[in-house]
Amino acid sequence: MTNNLIPILFCDVDGVFTSARTGWRTFDTFAVQFINWVCKETGAKIVITSTWRFKYNREFFQRILGDNIHEDWRTLDFKTDSKISEIAREVLGKKIVRGDEIAEYLARHQEITKYLILDDDSDMLDWQKTSFRKTASVNGLLYSDMQWICDYFNLPPYNADANNKELQTR
């Protein structure tokens, strides 16, 4: 796979990496390890779609997710940037949703041929639904989500024990 044809993981933070189970501020170690494994196996890069993209910089996410963060690491803010939101609403004629922000990102990155959206909200566009996995806000990324993601990327089942040993030896 060349660098120009990389899969992208569009990731929300709350409800994917953090949840009520982890106290909302603490990243779930197993979710992080799993997503890093998916990136290693597929060459995928991560783009942050969460509102956390406005509170924290790229280096913050790199400390957690390593070099798996895409250079253009976040989607634009259509919802809260009043000027962009006003223009987008006028052009699209509807309320702006996260799926619109992802669509804009994909339009700027024609090299993306495969992507997956991980989010605990369902505000995606109809044509994005086959590349979307809705997670549970309360629990974050679960084993059932991990199985689905492995199937989506044609990966073998994730072996947390083997991958934890590999990570512990680094």
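Brief remarks follow.
- Radius of gyration and maximum dimension Dmax of the stretch 8-68, Cα, Å: 10.9, 30
- Largest accessible area first, the residues Trp73, Trp24 order themselves as Trp24, Trp73 under a 1.4 Å probe with ligands, DNA and RNA left out.
- Per-residue extension of 0.36 nm, minus the Cα-Cα distance of Ala107 and Tyr152, leaves a gain of 14.0 nm for this segment.
- Taken over the C-alpha atoms, the stretch 126-165 has Rg and Dmax values of 12.0, 40 angstrom.
- Cα→Cβ-extended label distance, 7 Å offset, between Phe27 and Glu71, nm: 2.2
- In this Cβ point-charge picture (+1 for Lys and Arg, -1 for Asp and Glu), the stretch 1-61 has a dipole of about 140 debye about its Cα centre.
- Rounded to the nearest Hz, the phi-derived 3J(HN,Hα) couplings of the stretch 106-120 under the Karplus curve 6.51 cos²θ - 1.76 cosθ + 1.60 (θ = phi - 60°) are 4, 5, 7, 10, 5, 6, 7, 10, 9, 8, 9, 9, 10, 7, 8, where x marks glycine and proline.
- Percent carbon-and-sulfur accessible area, the stretch 1-51, ignoring ligands, DNA and RNA, probe 1.4 Å: 55
The values are calculated or read from the model by the stated rules, or taken from the named source; none is laboratory data. Not measured: the values here are computed from a predicted model. Every residue, glycine among them, receives a Cβ derived from its backbone with ideal geometry; neighbour counts consider all protein chains shown. Heads up: the accessible areas ignore ligands, DNA and RNA and are worked out on the full protein's heavy atoms, side chains in. Shrake-Rupley method; radii C 1.70, N 1.55, O 1.52, S 1.80 Å.
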